[in-house]
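The values are calculated or read from the model by the stated rules, or taken from the named source; none is laboratory data. Keep in mind it's a predicted model, so treat the numbers as computed, not measured. Heads up, the Cβs are rebuilt from the backbone with ideal geometry, glycines too, and the neighbour counts pull from every protein chain shown. Remember, those area values only see protein heavy atoms, side chains included, never the ligands or the DNA or RNA. Shrake-Rupley method; radii C 1.70, N 1.55, O 1.52, S 1.80 Å.
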Amino acid sequence: MTSMILRSCATITLMASLGAGTPFTRKLNVVATTPDLAALARAIGGGAVDVKALAKPTEDPHFVDAKPSHIVTLNRADVLIEGGAELEIGWLPPLLESARNDKIAAGAPGRISASQGVALLEVPSTLDRSMGDVHALGNPHFLLDPLNVKLIVRQIADHLAQVDPADAELFKANLQKFDATLDAKLTDWQEQLAPYRGARMVTYHKDFVYLAERFNLEVVETLEPKPGIAPSPAHLAKVISTMQAHHARVILVQPFQNRKTAETVARQTNGLVLDMPQHPDAAPNTETYFDLMDYIVRTLATAFGENK
Ligand SMILES: [Zn+2]
């Protein structure tokens, strides 16, 4: 009796390990460093993946609070998706070292660096981290350009198919569906923002550069003097005079940035502070990339419309 039970357990285990198409298929454990990448992984992986993000939607992706639970998550990962371009350099390497997981080592099929293939903006001519600039390799906040996202989802589909060939057709179908939706949405977003071509805005960090580039908006200043460096009174005085000179009134802040600083500047410039998360679920009904971009585009169009 016991041996029969053991045998049937062994059969189930064997079927599970064969994967694909059986009810015993184990889902791939996909870990993304940030919630925006996690949302893309869910869209492409569908029912074949379980996706976890390490950073919270309200957390600065440069400075994530590393926890022991992150090591466990990384240790169990089949696939890791990182932004790359040094976005996670301050917190991910020690977690990976402790996780000891060859499946997600650099160069393995289970490791995806989203920045690969993306034409980075603001690449400095010389590498210099001495001033605390956290964008030493170029600007790593490239997901707000939908054309970059097209490259990234293709890369995700490729890697998922390598790690789990049995579900390759599913990933391919999800990729095609995502691409078609993105094309339609991009036209819609461009139409919504077209009346505000050249509209000027200020951001806390250099995190809306790709959005501005794609939709013909202009970031005239940032409250931080350099990416990752806290605003100083002298720099803020300069921001205020630039805003006045350019008639810029809209200031974008993410949940983890200092809204009070933005409000102080807004008071002196008759400005408007807009809460503008870049990560799904930091604002209501922004679970997917499309929902998030809908929210961002709609909020910006409304603000520019009222502040023309
Ligand atoms: Zn940054």
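Assuming a ≥ b ≥ c are the square roots of the Cα gyration tensor eigenvalues, decide whether the stretch 21-75 counts as rounded (a/c under 1.5), prolate (otherwise, with a/b larger than b/c) or oblate. All intermediate terms of the calculation are to be shown ahead of the outcome.
On the way: a/c = 4.28, a/b = 1.73, b/c = 2.47.
The shape class here is oblate.
Tell me the carbon and sulfur percent of the accessible area for the chain, rounded to whole percent, probe radius 1.4 Å.
Solvent-exposed carbon and sulfur of the chain make up 54 percent of the total.
In the stretch 246-308, which GluC sites (Glu not before Pro) fall in coil by DSSP and have 14 or fewer other Cβ atoms within 10 Å?
Of the GluC sites (Glu not before Pro), the ones in loops of the stretch 246-308 whose Cβ has at most 14 other Cβ atoms within 10 Å are GLU287.
Just the number please: accessible area per residue for the chain, 1.4 Å probe, all protein chains included, in Å².
On the way: 14720 Å² over 308 residues.
Dividing the accessible area of the chain by its residue count gives 48 Å².
What does the convex hull of the alpha-carbon atoms of the stretch 93-170 project to on average, in nm²?
About 7.0 nm², averaged over all directions.
Principal axes first, then extents: for the Cα atoms of the stretch 236-298, list largest minus smallest coordinate on each axis, whole Å, largest first.
38, 20, 14
What's the local net charge at THR286, with K and R +1, D and E -1, over the other residues with C-beta under 15 Å away?
Summing Lys and Arg as +1 and Asp and Glu as -1 gives -2.
Could you please put ARG267, ARG200, ARG26, ARG249 in sequence from largest to smallest accessible area, using a 1.4 Å probe? Present the calculation step by step, with values, prior to reporting the outcome.
Working: ARG267 170, ARG200 95, ARG26 135, ARG249 70 Å².
Accessible-area ranking of ARG267, ARG200, ARG26, ARG249, largest first: ARG267, ARG26, ARG200, ARG249.
Expressed as a rounded percentage, what relative contact order does the chain have, with Cα pairs under 8 Å and six or more residues apart? Show your work: numbers first, answer last.
Numbers: 503 pairs, mean separation 48.3, N = 308.
Answer for the chain is 16 percent.
For helix 35-45, what angle does its Cα long axis make with the longest principal axis of the chain, in degrees from 0 to 90 and rounded to 10?
Roughly 40 degrees, rounded to the nearest 10.
So what does TYR196 come to for accessible area, using a 1.4 Å probe and Å² rounded to 10?
Accessible area, nearest 10 Å²: 40 Å².
Would you mind checking the tilt of helix 2-18 against the longest principal axis of the Cα atoms of the chain, expressed as 0 to 90 degrees and rounded to 10?
40
Please work out the Cα convex hull volume for the chain and give it in Å³ per residue.
Values: hull volume 44.9 nm³, N = 308.
Given the Cα convex hull of the chain, per-residue volume reads 146 Å³.
How much of VAL219 can a 1.4 Å solvent probe reach, expressed as accessible area in Å² and rounded to 10?
The accessible area comes out at roughly 50 Å².
Quick one: net charge of GLU224's neighbours, Cβ under 13 Å, K/R +1, D/E -1?
-1
Just how much of LEU236 is accessible, in Å², when a 1.4 Å probe is used and the result is rounded to the nearest 10?
30
Could you sort LYS172, LYS27 by their accessible area in this structure, using a 1.4 Å probe and putting the largest first? Working shown, then result.
Values: LYS172 110, LYS27 85 Å².
Heavy-atom accessible area, descending, gives LYS172, LYS27.
Just to confirm the number: angle between the C-alpha axis of helix 289-306 and the first principal axis of the chain, 0 to 90 degrees, nearest 10?
Rounded to the nearest ten degrees, it is 10.
Quick one: length gained pulling LYS172 to ALA230 fully straight, 0.36 nm per residue minus the C-alpha distance? Show your work: numbers first, answer last.
Values: separation 58, 0.36 × 58 = 20.88 nm, distance 4.35 nm.
Result: 16.5 nm gained on full extension.
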